[in-house]
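The values are calculated or read from the model by the stated rules, or taken from the named source; none is laboratory data. Bear in mind that the values here come from a model prediction, so they are computed numbers and not experimental data. No Cβ is skipped: glycine too gets one built from the backbone with ideal geometry, and neighbour counts run over all protein chains shown. Please note that ligands, DNA and RNA were not included when accessible areas were found on the heavy atoms of the full protein model with its side chains. Shrake-Rupley method; radii C 1.70, N 1.55, O 1.52, S 1.80 Å.
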Amino acid sequence: MSLEMPAQDPKDNPLYKKVTRHLMPLLITCYTISYLDRINVSFAKPQMMGDLGLNEAIYGLGAGLFFIGYAASEVPSNLLLHYFGPRRWLGRILLTWGLISMGMALVWSEHSFYIMRIALGIGEAGLFPGVIFYMMRWYPTERRATVTSLFYLAAPLAGIFGAPLSGLIIANMHGVASLTGWQWMFLVEGLPAVILAFVVWFTLCDNIEDATWLTRGEKVRLRTNIESENTKKPSLGIAAVFKNIDVLMLAVILFGIVLAQSGVFFYLPSLIKGSGVTDTVQLGIYSAVPYAGAVLVMLLVGRSSDRRRERGLHFVGSCLFGILGFLISIWFKDTLVMVLVGLSMALGGVMATLPVFWSLPTAALKGISAATGIAFINSVGLTAGFFAPFIIGYLTQSTKTLDLGIYCVAAIWAVCVAVSLAYFLLQRSRWMSASAQANLGTAS
């Protein structure tokens, strides 16, 4: 994985803008619904816990079990996407998770909560790595951080629109047709995924050649850019991917990012509520603020990383920015404004790292090894989605405060930042060695 990254060809800018206009709105919409269906349990939490008799530890375990089902199914799902094609397989994923998300309204006990969260993870598995692999078919390395940051708009958008929507549904539909507010929330917010399944099936292009909205010359240009990049990548077998040191280090790094991300997503409403906000609708509105701040930070960092052709400083700087935000949200937990500032920094730091991060494995892997590697890295990283709510839930139940759990998550993220420094130093060492050998060959 070389540090050397080609510069963008300005003549290709109009072409890639055209590709982005055709592909990204649908992909962003799908991932926005995905994120909403993943985190809306945090908005249902206060009412749901009371109705079902759950405690913090049970909630934390149930919230995290989603990621166990998700992680276990990632690699098989991406290999099946490689076989069946993105259009069919992504449509299947949307349909499955949409129906299961709506089925969350039927949860009646601790164990049914656990089962449905695992099932939701299995149903949604493969969407994210599948789309990352799909975008590799269209965008070269030097453009991926920018376009991935657009895709990641889904997470803050889910918070910006989903938080107030969830609050309104829970507050205003409670008791309608003898259902609770949280049951209505799951039913209403799961339905869009079912509808989008058919939209994806009938409208998404599997590859460049299938795009009727491209001219023959545009297809040739896009294909040439991708193939010229792939010729520089090594060919790895599926088994070799799991033993590759770079893949393993990236999986560890992603673990830290997802741990922090899950800590924000599943406990953001609780942290805001702890600063004195008690009204359900107001809580939903305030919860949207950190997501809005994250949009700006993520887009600026992704665009800057591509334009400056630099990954390491952008990645590590975003991580440190986010860790500081976590600490601020705890140090000033009784002041709403400072909690919102801290959470905005934490979420902005998390979201800014992800587009930069995913430009690293996609720059080094191709074909089925890319499908395998991306899914494996994501599956290992996503296990942190289980540990974050479990750790925070357990420590909150034991100490009656969120403080220690958030400190623990921030500390683990800091350790993974140290691993990322080692990773970038390793890449720099390889790059310098390759450059020295090339210069020696030229001189001889």
Residue count, region 81-128 (criterion: of a type in the set (S, T, Y), closer than 30 Å to D210 by Cα and out of contact with any Gly (no Cβ under 9 Å at 6 or more places or on another chain)):
1
Quick one: would you say N13 is assigned to a helix (DSSP H, G or I), at pLDDT 80 or above and crowded, with 17+ Cβ neighbours inside 10 Å?
no
What pairs can you find where one residue is in region 367-378 and open to solvent by 10 Å² or more (accessible area, probe 1.4 Å) and part of a helix (DSSP H, G or I), the other is at pLDDT below 75 and β-branched (V, I, T), and their Cβ atoms are less than 8 Å apart, with a gap of 6+ or different chains?
I368/I238
Quick one: L299 ticks every box in (1) closer than 26 Å to V241 by Cα; (2) open to solvent by 10 Å² or more (accessible area, probe 1.4 Å); (3) of a type outside the set (K, R) bar one, so which box is it?
(1)
Starting from residues that are of a type in the set (D, E, K, R) and either within 20 Å of C408 (Cα to Cα) or at pLDDT 80 or above (or both), keep the ones in region 328-366 and report whichever is least open to solvent (accessible area, probe 1.4 Å).
K333
Just the residues that are of a type outside the set (D, E, K, R), in contact (Cβ under 8 Å) with a residue 12 or more places away in the chain and open to solvent by 60 Å² or more (accessible area, probe 1.4 Å), please, taken from region 392-433.
Y394, Q397, Y407, V415, L421, W431
From the list F265, F255, F202, which residue is at pLDDT 80 or above, surrounded by 15 or more Cβ atoms within 10 Å (Cβ to Cβ) and part of a helix (DSSP H, G or I)?
F255
Residue hits (region 304-327; crowded, with 16+ Cβ neighbours inside 10 Å and acidic (D, E)) are D306
Which of (1) farther than 15 Å from P389 by Cβ; (2) modelled with pLDDT under 90 is the odd one out, the single condition M48 does not satisfy?
(1)
Count of residues meeting criterion [of a type outside the set (D, E, K, R), assigned to a helix (DSSP H, G or I) and either closer than 12 Å to P46 by Cβ or open to solvent by 20 Å² or more (accessible area, probe 1.4 Å) (or both)] in region 273-295:
12
A292 passes all but one of the listed conditions (1) at pLDDT below 85; (2) closer than 19 Å to F424 by Cα; the exception is number (2)
